[in-house]
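**Student:** Below is the structure I would like to discuss, written out as structure tokens.
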């Protein structure tokens with residue numbers, strides 16, 4: 001009998017641990033669009049809010065699938081999501097519209113705000129996406145620098161931007177306003193972290209965002225729903 | 001010391017038995033402490049596993065300092081979260097320590113190499129956080145503290161057993 005006591009304790013802890021993990025993982029919201037109950041206009045899902053027209057987007061404006069990223073250029077998971085987003089665009093072509101909004105988190109990423117400004121300043125010369133790609137591709141380089149501005153200037157030079165205008169825009173009020181507008185919209189939509197991706201207005205979970213195959217399932221389901 | 005009388009022999013034998021009993025009692029307490037500490041580690045690792053699998057807090061957020069660590073390539077082994085492997089290790093430590101506290105000698109023998117392996121893994125993870133990723137995650141630091149505590153307990157257990165055998 002005494003020999004059974006430790007076994008009973010171990011089994012009890014195992015049951016509590018497995019049960020606890022199961023309970024915590026049981027998400028209250030459906031993880032797959034196809035599992036969503038049919039929605040009526042009177043009862044929209046709480047995470048779906050009217051979308052503003054994106055300032056920066058790739059793909060057709062009226063594409064059946066709209067992916068929106070709220071990102072921070074210095075956030076490592078955002079850097080990991082970047083190639084996933086590129087893969088989505090190359091796989092789905094003009095069936096997907098991909099847009100990006102800034103949500104710099106300066107409390108934990110000291111260059112995030114300036115990086116967002118660099119992208120917006122490049123955008124004012126028509127090269128937002130070129131700078132966007134460079135910032136993510138070279139995230140490791142400028143994130144570790146004590147002062148990132150010289151690197152942003154170098155990227156601007158590589159992109160052939162008008163340097164005096166870029167320098168001016170980097171600190172300009174319009175640039176700051178653009179970044180602040182995105183951040184305000186993020187707050188309004190309940191975005192608290194980055195990357196947060198919305199698919200046709202529905203906030204995806206981090207797992208759905210960071211795994212191309214899971215993201216593909218969501219996109220395919222959205223496309224099937226539209227056809 | 002030369003024992004010459006029957007009375008002295010009895011005293012020495014009693015004394016040795018007392019020391020042995022004390023050593024065993026202390027050993028049981030140390031095993032129980034290891035089991036309790038492993039439960040703390042298990043809870044911590046399970047929390048991180050759940051967070052990883054649900055993706056709730058590995059996003060970079062204003063309040064979390066863990067996102068850099070938990071979203072780094074070192075946070076997974078293949079597709080398995082490292083925290084899940086940690087949870088398995090802590091559960092193994094808990095099971096072995098519980099069995100040892102109830103007198104299992106083989107469980108106590110297995111405990112030491114397992115905790116030693118976890119301790120070296122902890123040192124490697126601390127190195128990664130400090131020198132490669134450049135950020136520390138408080139839940140990972142808690143796990144490191146727990147593993148260090150387990151290592152101290154296992155070392156104390158080893159010396160307790162050895163001194164009991166020598167006496």
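**Student:** Within segment A:205-223, work out how many residues are at pLDDT 90 or above and either more than 14 Å from chain B (Cβ to nearest Cβ) or in contact with a strand residue (DSSP E or B) (Cβ under 6 Å, 6 or more places away or on another chain) (or both).
**Tutor:** Within segment A:205-223, residues that are at pLDDT 90 or above and either more than 14 Å from chain B (Cβ to nearest Cβ) or in contact with a strand residue (DSSP E or B) (Cβ under 6 Å, 6 or more places away or on another chain) (or both) number 8.
**Student:** For residues that are farther than 16 Å from residue B:144 by Cα and either in a helix (DSSP H, G or I) or in contact with a strand residue (DSSP E or B) (Cβ under 6 Å, 6 or more places away or on another chain) (or both), tally how many sit in segment B:69-93.
**Tutor:** Selection size over segment B:69-93: 2.
**Student:** Is segment A:127-139 home to any residue that is assigned to a loop (DSSP other than H, G, I, E, B), in contact with a helix residue (DSSP H, G or I) (Cβ under 8 Å, 6 or more places away or on another chain) and either over 30 Å from residue A:62 (Cα atoms) or away from chain B (no Cβ under 14 Å) (or both)?
**Tutor:** Within segment A:127-139, one or more residues are assigned to a loop (DSSP other than H, G, I, E, B), in contact with a helix residue (DSSP H, G or I) (Cβ under 8 Å, 6 or more places away or on another chain) and either over 30 Å from residue A:62 (Cα atoms) or away from chain B (no Cβ under 14 Å) (or both).
**Student:** Output yes when any residue across segment B:124-138 is closer than 17 Å to residue B:39 by Cα and out of contact with any strand residue (DSSP E or B) (no Cβ under 9 Å at 6 or more places or on another chain), and no when none is.
**Tutor:** No - not one qualifying residue is present in segment B:124-138.
**Student:** Moving on to the next point. Out of (1) without any contact (Cβ under 8 Å) to a residue 24 or more places away in the chain; (2) more than 11 Å from every other protein chain (Cβ to nearest Cβ); (3) more than 24 Å from residue A:25 (Cβ to Cβ), the odd one out for residue B:85 is which?
**Tutor:** Result: residue B:85 fails condition (3) only.
**Student:** Of A:68, A:51, which residue is at pLDDT below 75, more than 14 Å from chain B (Cβ to nearest Cβ) and surrounded by 13 or more Cβ atoms within 10 Å (Cβ to Cβ)?
**Tutor:** None of the other options fit; the residue is A:51.
**Student:** List the pairs whose first member sits in segment A:113-132 and is without any contact (Cβ under 8 Å) to a residue 40 or more places away in the chain, whose second member is surrounded by fewer than 24 Cβ atoms within 10 Å (Cβ to Cβ), and whose Cβ atoms are under 6 Å apart, counting only residues at least 6 apart or on separate chains?
**Tutor:** Partner pairs satisfying both residue conditions: A:127/A:159; A:130/A:159.
**Student:** Next question, about the same structure. Among the candidates B:43, B:32, which residue alone is in contact with a helix residue (DSSP H, G or I) (Cβ under 7 Å, 6 or more places away or on another chain) and either at pLDDT 85 or above or within 8 Å of another protein chain (Cβ to nearest Cβ) (or both)?
**Tutor:** Matching residue, one of B:43, B:32: B:32.
**Student:** Here is a further query. Six or more apart or on different chains, Cβ under 8 Å: which pairs go from a residue in segment A:9-28 that's at the interface with chain B (Cβ under 9 Å from one of its Cβ atoms) and under 13 Å from residue B:43 (Cβ atoms) to one that's at pLDDT below 80 and surrounded by 11 or more Cβ atoms within 10 Å (Cβ to Cβ)? Could you list them?
**Tutor:** A:24/B:54
The values are calculated or read from the model by the stated rules, or taken from the named source; none is laboratory data. Just so it is clear, the model here is predicted, and its values are computed rather than measured. All Cβ positions, glycine included, derive from the backbone under ideal geometry; neighbour counts span all protein chains shown.
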